[in-house]
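The values are calculated or read from the model by the stated rules, or taken from the named source; none is laboratory data. Here the structure is a predicted model, which is why all the values come from computation and not from measurement. FYI the Cβ positions are ideal-geometry reconstructions off the backbone, even for glycines, and counts take in every protein chain you see.
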Amino acid sequence: MKRESIVPAACAAVTYTVLCHPHHHTVFIVLTDGPGNKDDITRSKNEGKELSKEEKQRLRKQKKQQKKQKERKNEKSETEKEKTPVSLLPPPRPVATQKAPSALPAPASAPIPVPASAPFHSSPAPSPADKPAKSKAELKAERRARQETDRAAKQPGSSSSGIKTKVPLSELNPVVKRLPEHVQVDDPAVVKRLAKKLERQQIPLRSDYGYKVSLFSHLHQYSRKAPLTQQLSIPSTVIHPSIVRLGLQYSQGIVAGSNARSVALLHAFKQVIRDYTTPPNEELSRDLVNKLKPYISFLNQCRPLSASMGNAIKYIKKEISNIPSQCKEEEAKTKLLTCIDRYIEEKIVLAAKAISKYAIEKISDGDVILVYGCSSLVNNILCEAFEKSRKFRVIVVDSRPRLEGREALRRLVQRGISCTYVLISALSYILPEVSKVFLGAHALLANGYVMSRVGTSQIALVARTFNVPVLVCCETYKFCEKVQTDSFVSNELDDPDDLMVTRKGKTQLENWQDVSSLGLLNLVYDVTPPDFVDLVITDLGMIPCTSVPVVLRVKNLDQ
Amino acid sequence: MPGADKEADLTERIEAFLADLKRGGCGTGPIRGSGETARETTALLRKVTAQARWSSAGDLMEIIRKEGRRMTAAQPSETTVGNMVLRVLKIIREEYARSRGSSEETDQQESLHKLLTSGGLSEENFRQHFVHLKANVIEAINELLTELDGTTDNIAMQALEHIHSNEVIMTVGRSRTVEAFLKDAARKRKFHVIVAECAPFCQGHEMATNLSKASIETTVIADAAIFAVMSRVNKVIIGTQTVLANGGLRAVNGTHTVALAARHHSTPLIVCAPMFKLSPQFPNEEDTFHKFVSPHEVLPFTEGEILSKVNVHCPVFDYVPPELITLFISNIGGNAPSYIYRLMSELYHPEDHDL
C-alpha cells in the first residue's frame, strides 16, 4: 500500500532529533525508486542530521509566522512531488489529529511537510498536549527510522551503510524522553489525557483507592477488591479473553514475580497472535501492533508493567514491525510464534541455566546463605547447587505484608534443603551466622542501582555492616535504561488494606479510612545503591553493578 | 494478729507481682509498661522496708537483695525491676552514710589511694544501728516514687526543644514515652510521623492510632520499607527497653536496622528513655541478652508439614551499639551516649551490680 510503504520510509532517515522533514523528501525519492545506491542513502542521512539541527535552532528562535515563511522558502525546491504523501502524514498520528487540521491550512503552501510539522511547535496549542504530541510523534518517527534502517540493512549492498548509520543512531539517543503517565498521577492534565486515550481504546479507567500519603501522591494506589475486569462487559469485544484473564491474574497477585509475569505475558500474546486475522486492506506488521496497544494499556491499568515486561513488549513490537509486507499471513504468524518461543527460551530459561552455572561456583560447602522473599532465579540456583551435592543451609527472610518467603520456604524444603525462617526485623540477630547473601532483582537500572522487592536495600545495608558479601542475580533482559536514585520517584503502591492485621481478635487499624490524619503505605519496590552490592551474576558473566550501562550499550549495538 | 496479716498481705502482693511479671513474658510485652513496673517494684520494696524485721542497714540490704533476686528471676528481661532494687540499695547506703556522719563523696570514689590504703574491700559492714534510719529510708524511697511519677512528663516537656515544624519523624513500634513526647510537641508544632509497624507483634499500629487521634499526621509502613523512606526522614525518635552500661540499647527488634539506615543517611537518632531504664549490664552476655518467644508468631501452625523441617526464630530484642545513637533524652535532660557510664555511677553503687 502506497501509504504504508511511504510513511515508514519517511521516518527511516529521521535521526533522533526534532522532526526533520526535509529528509523525508530525500528518502522518499530514493526508496520509492527502489534500492538506491549506498551513497545517496548515506548522503541523505548525513544531510538529514545537519539540517535537523538547523531546523531545531530555527524552530526555537522564530515566531510562528516568520518561521513558516522561511521554511517555505527553504523547502520550495523539494516540494511538488510530496503533496499527497504529506497530507497522508498527519492522519496516522491520532493525538496530533486535533492539530493537523489547524496546522495544514496555516502554511501558505500545503505540500511543505516541514511547515506542517513546524506549526505543531509554534502554534498556540495548549502546551501540555503539545509536548506529548511532539514527543509521541518523535518516538514514532524514531521507531520507524529504526525499522527502516534495519530494513535498509537487509537490502543487498546497503548493509555496510546500515551498520555505519547504526552507531551514530545509538549515540544520538533522545535526551527528551516522555515521562510515563503512571508517575504523574498528581497532574490533572495527564490524568485527563490518559482517560481520553483509554476511552478511545474502550478500556475502563481504574480509580485510585484510599488516602494517599503526600510523598507518593504522584503514584497510583489501587484496591485489590476492585479489579478492572468488573467494569468490562462480558464477553469483551475489544480485549482478547486471554488478556483479560492475564490482567485479572496480575491485579489479584496470582501471577507475581517479574519472570512469571513476563512469561505469562508472552504466552498470552502468542494466543492473541494465533487468533489474529489481518483485516482486508491492512498490513499485518502495522495492524497487529495497533491491536496490541489497547491490550497493553489494559494490562498497565491492571498492574503497572514491570521492566522485564516492557523489554519483552519492545521486542515483540520490533519483531512484528519487521515482518516484510509480502509475507503471507500464516507464515508471518508462525514466524512470530517461533520468535516468542525463542525469546523465552534464550532470555529466561537458558539465562537461568547460565546464571546457575556461575553462581554455583560461588557456593562452597558449609555456607550459610541468606535469601529474601521469593525469587524464582535464586530458588533455581539453590536447588541446582543442592543437586550438585553442595552442603549448605539457607536462611529465608520474609516480610509483611506479602509474606512471599513462605513460598520460597516451601519450595526449598520440598527439595530437602535445611532452612531457617525469620522476619526481616530479626535480621540483625541472624546475620552474624550468615556467610553469603543472594538476592534477586526486578530490574537493574542504568546507573547501577538495583530495583527489587521492598526490603532488599535494608538487607544489603545490614549485610554490608556485618561484612557479608551480597550477590545479586539478574538476567540481562531485565536491564533497563531508566535511572533512579531513590524509591519515591517511580514505585508501585499496593493495596493499603494489606497492612491491617488481626491479632487476638482485634484489628487496630480497622477504621483507618475514617481517621483523617492516618495513612497506610504499602510500597512494592525499592532501589539499592550499587555500593551495597558486591557482585551481579548475569547470563553474560559476573559483573560489578556499575557495568550495567556497558551491557546495555553492547545489547543495543547487537540489535 | 495485725502483724501476721500485714505480712501475709505483703507476701500476697509480692506473689501477685511475680506472677504478673512471669505472664508478661509473651511476645506482646509485659502487661503494664515499664514505668508502672518500676513504680510497683519501688512500692513493694517500701512495704518490705516498713514491715520486715531488721535492726541494721546490713540486714535490710540482705532482705532487699533476696527479694530482688526473686523478682529478677521471674522475668530476667524486665530489667527495670532489678534497676529499682539497685536504686533502693543505693538509697540505703546513702542514708546509712549520712546517719554515720561521713560524707558521701569519699565513700563513693574508688580511688587508687583508697585501694592501697584500705587494702581492698571497704570496711563498711553496715552493722551500726540508727534509730531514724528506717524513717529516712522510707522518706527517700517516697522521693524516688515521686521522681518516677514525673518521668514521662519531664521527658515530654523537652519535646519542643527538639522538634521543629514540618519535620518528618520516624519511630519504631510502640513506646509510651515517645508517644507522650510527640503528643506534647504536637500541641504547638505541625509535623509528620512515620511509624514502622514492627512485625510480628505490630505494636506500631496501636502507636499510629493513638498518634492520629491526637491529630498528628501519621503514616504506617511495613518494616521492609524502613530504608526506602529513610531518605525523607529528618529525625528518628525511638524508645527502648533497656539502656546498657556502655551506652548501647536493648530495644525491640528492628531497631538496629533503623539505626543503621539513619546513620547511612546521617539522620540523628534520639532515644527517649527515663533513668530507671539504665541498667548496669553489658551486652556481651550472649546467653542472657536475647529473649525468644513462640515461633507461632512468625510461622503459624497452619503452615502444616513444613513446620517440622524448618527452624523458626522469633527474637524480641536487638542490640544497638552506642556509636549509632546521637542523643539520649531522659528525665534529667539530654545526654550523649558517652556520658552514660557517669550517670550510672551516680545511680548505682558498683558493689551492687551483681545481685
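Checking each residue in the range B:154-178 for being within 14 Å of chain A (Cβ to nearest Cβ) and of a type in the set (D, E) picks out only B:E167. In the range B:266-296, which residues are hydrophobic (A, V, I, L, M, F, W, C) and at pLDDT 90 or above? Hits for the range B:266-296 are B:L269, B:I270, B:V271, B:C272, B:A273, B:M275, B:F276, B:L278.
Of all residues in the range A:476-519, those being in a helix (DSSP H, G or I), more than 24 Å from B:I226 (Cβ to Cβ) and charged (D, E, K, R) number 1.
Scanning the range A:459-466 turns up no residue that is touching a Leu at 6+ places or on another chain (Cβ under 9 Å), more than 7 Å from chain B (Cβ to nearest Cβ), surrounded by fewer than 24 Cβ atoms within 10 Å (Cβ to Cβ) and part of a strand (DSSP E or B). Of all residues in the range B:218-232, none are more than 23 Å from A:Y525 (Cβ to Cβ) and more than 7 Å from chain A (Cβ to nearest Cβ). Scanning the range A:367-382 for residues that are at pLDDT below 95, surrounded by fewer than 22 Cβ atoms within 10 Å (Cβ to Cβ) and not polar (S, T, N, Q) returns a single hit, A:D367. Listed conditions (1) within 12 Å of chain A (Cβ to nearest Cβ); (2) at pLDDT below 95; (3) outside any strand (DSSP E or B) are all met by B:A262, apart from (2). B:V220: modelled with pLDDT under 95, closer than 15 Å to B:V193 by Cβ and either touching a Gly at 6+ places or on another chain (Cβ under 7 Å) or part of a loop (DSSP other than H, G, I, E, B) (or both), yes or no? Answer is yes for this residue.
Sub-6 Å Cβ pairs linking a first residue in the range A:403-415 that is within 11 Å of chain B (Cβ to nearest Cβ) and surrounded by fewer than 18 Cβ atoms within 10 Å (Cβ to Cβ) to a second residue that is outside any helix (DSSP H, G or I) and at pLDDT below 90, at least 6 apart or interchain, number zero. Taken together, the residues in the range B:187-217 that are at the interface with another protein chain (Cβ under 7 Å from one of its Cβ atoms), assigned to a strand (DSSP E or B) and either touching a residue at least 60 places away in the same chain (Cβ under 8 Å) or surrounded by 24 or more Cβ atoms within 10 Å (Cβ to Cβ) (or both) amount to 0.
Has the range A:303-316 got any residue that is among the charged types (D, E, K, R), in contact (Cβ under 8 Å) with a residue 24 or more places away in the chain and touching an Asp or Glu at 6+ places or on another chain (Cβ under 7 Å)?
Going residue by residue through the range A:303-316, those that are among the charged types (D, E, K, R) are A:303, A:314.
From the residues that got through so far, the ones that are in contact (Cβ under 8 Å) with a residue 24 or more places away in the chain too are A:303.
Subsequent filtering for residues that are touching an Asp or Glu at 6+ places or on another chain (Cβ under 7 Å) retains none.
No, the range A:303-316 has no match at all.
Here A:V527, A:V536 are screened, and the one residue that is within 27 Å of the chain's Cα centre (by Cα), closer than 19 Å to A:N259 by Cα, at the interface with chain B (Cβ under 9 Å from one of its Cβ atoms) and of a type in the set (A, V, I, L, M, F, W, C) is A:V527.
Suppose the filter is modelled with pLDDT under 95, polar (S, T, N, Q) and out of contact with any Gly (no Cβ under 7 Å at 6 or more places or on another chain); does A:S389 pass it? Break it down stepwise before answering.
Details: modelled with pLDDT under 95: yes; polar (S, T, N, Q): yes; out of contact with any Gly (no Cβ under 7 Å at 6 or more places or on another chain): yes.
Taking the combined requirement at face value, the residue satisfies it.
Within the range B:49-73, the set of residues being outside any helix (DSSP H, G or I) and either surrounded by 14 or more Cβ atoms within 10 Å (Cβ to Cβ) or touching a Ser or Thr at 6+ places or on another chain (Cβ under 8 Å) (or both) comprises B:A52, B:W54, B:S56.
Which one of these is buried (at least 18 other Cβ atoms within 10 Å of the Cβ), within 25 Å of the chain's Cα centre (by Cα) and aromatic (F, W, Y): B:F292, B:F328? Working first, answer last.
On the way: B:F292 fails: buried (at least 18 other Cβ atoms within 10 Å of the Cβ).
Being buried (at least 18 other Cβ atoms within 10 Å of the Cβ), within 25 Å of the chain's Cα centre (by Cα) and aromatic (F, W, Y) holds for just one of B:F292, B:F328, which is B:F328.
Applying the set (1) outside any helix (DSSP H, G or I); (2) surrounded by 18 or more Cβ atoms within 10 Å (Cβ to Cβ); (3) over 35 Å from the mean Cα position of the chain (by Cα) to A:L431 leaves exactly one unmet item: (1).
Is it the case that the range B:293-303 has a residue that's under 23 Å from B:T37 (Cβ atoms), within 14 Å of chain A (Cβ to nearest Cβ) and of a type in the set (A, V, I, L, M, F, W, C)? Checked against the condition, which is being under 23 Å from B:T37 (Cβ atoms), within 14 Å of chain A (Cβ to nearest Cβ) and of a type in the set (A, V, I, L, M, F, W, C), the range B:293-303 yields at least one hit.
When you look at A:L382, is it over 30 Å from the mean Cα position of the chain (by Cα) and not hydroxyl-bearing (S, T, Y), yes or no? Taking the combined requirement at face value, the residue does not satisfy it. Selection over the range B:188-209 of residues that are of a type in the set (S, T, N, Q) and within 21 Å of the chain's Cα centre (by Cα) gives a count of 1. For beta carbons closer than 6 Å, sequence separation of 6+ or different chains, a first residue in the range B:338-349 that is closer than 12 Å to B:R87 by Cα and a second that is part of a helix (DSSP H, G or I) and of a type outside the set (A, V, I, L, M, F, W, C), the qualifying pairs are B:Y348/B:K90; B:H349/B:K90; B:H349/B:R93.
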